[in-house]
Amino acid sequence: MFITFEGIEGTGKSTQIALLKEHMLAQGKRVMVTLEPGGSRIGAELRRVLLSLDNRDLTPQAELFLYLADRAQHVAQVVRPALETGAVVLCDRFADSTVAYQGFGRGMDPELLHRLNEVAVDGLWPELTVLLDLDPVIGLKRAVARNHSEGKTNAEGRFEAESLAFHNRVRQGFLKLAAAKPERISIVDATGTPEDIARKVKALVEARLHA
Ligand code: TMP
């Protein structure tokens, strides 16, 4: 089973992925946790290029193709092989992030981005996407504090440095995607405690497993 987590910065995706992993391991499942950008060996190099504040001059088009390259490599080398062994794959961001950030955030055509995503994912779409929804005022505060405490301000700060208006467009983009694809994308309010949110996520996964 392939499950992706989406949302703006600071929604607690990695916390929720860790909690779901624990839950699924306790059920005897094999679980692989991965992320985009950076889930493959080559992707780790692309992640550094994509997120460094030193690369403020990256053009929107070049940024798009680096995300797509990361995804194509990740799907072929990491996600598909893991699914073929029967593992559950939990992925921090996937194709919807491209439509939300490069489409709604940067202003590129969402339809075109969907077609380019089709090339990158090569038929492999998640069975469930959990969209953690949060006001960017709260999310950005959390993300900036986290980067600061991890000493990553310069290495990973390129998107945190975008305006609140940008992150609001991204949030609305995710919500539009969820409205367009309710059979795959489920919205979870990310304002509660991690445990409350985890309970909702588990319920969604159980419902999907027994659908
Ligand atoms: P994160 O893994 O720390 O959330 O950082 C990844 C950043 O990359 C985040 O700001 C969102 C951005 N992003 C895109 O703009 N497009 C994409 O396709 C993906 C996967 C991420």
Which numbered condition residue 89 fails, given (1) over 30 Å from residue 191 (Cβ atoms); (2) more than 14 Å from the ligand (Cβ to nearest atom); (3) among the β-branched types (Val, Ile, Thr); (4) surrounded by 15 or more Cβ atoms within 10 Å (Cβ to Cβ): (1)
Subset of region 161-175 (residues that are closer than 16 Å to residue 97 by Cα and loosely packed, with under 15 Cβ neighbours inside 10 Å): 172
Subset of region 115-143 [within 12 Å of the ligand (Cβ to nearest atom) and either open to solvent by less than 10 Å² (accessible area, probe 1.4 Å) or of a type outside the set (Lys, Arg) (or both)]: 116, 117, 120, 121, 132, 136, 139, 140, 143
Filter pass, residue 158 being within 14 Å of the ligand (Cβ to nearest atom), open to solvent by 60 Å² or more (accessible area, probe 1.4 Å) and in contact (Cβ under 8 Å) with a residue 12 or more places away in the chain: no
Conditions (1) touching a helix residue (DSSP H, G or I) at 6+ places or on another chain (Cβ under 9 Å); (2) farther than 17 Å from residue 6 by Cβ; (3) within 13 Å of the ligand (Cβ to nearest atom); number of the one not met by residue 146: (1)
Condition met for residue 183 (buried (at least 20 other Cβ atoms within 10 Å of the Cβ) and among the acidic types (Asp, Glu)): no
Checklist (1) in a helix (DSSP H, G or I); (2) among the β-branched types (Val, Ile, Thr); (3) open to solvent by 50 Å² or more (accessible area, probe 1.4 Å) applied to residue 33, failing item: (1)
Residue check for residue 201: within 14 Å of the chain's Cα centre (by Cα) and within 21 Å of residue 135 (Cα to Cα): no
Members of region 58-72 that are within 14 Å of residue 117 (Cβ to Cβ) and open to solvent by 50 Å² or more (accessible area, probe 1.4 Å): 65
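The values are calculated or read from the model by the stated rules, or taken from the named source; none is laboratory data. None of the values given here were measured: they were computed from a predicted structure. Every residue, glycine as well, gets a Cβ built from its backbone with ideal geometry; the counts of neighbours run over all protein chains shown. Just the protein is used for accessible areas: all its heavy atoms, side chains included, with ligands, DNA and RNA removed. Shrake-Rupley method; radii C 1.70, N 1.55, O 1.52, S 1.80 Å.
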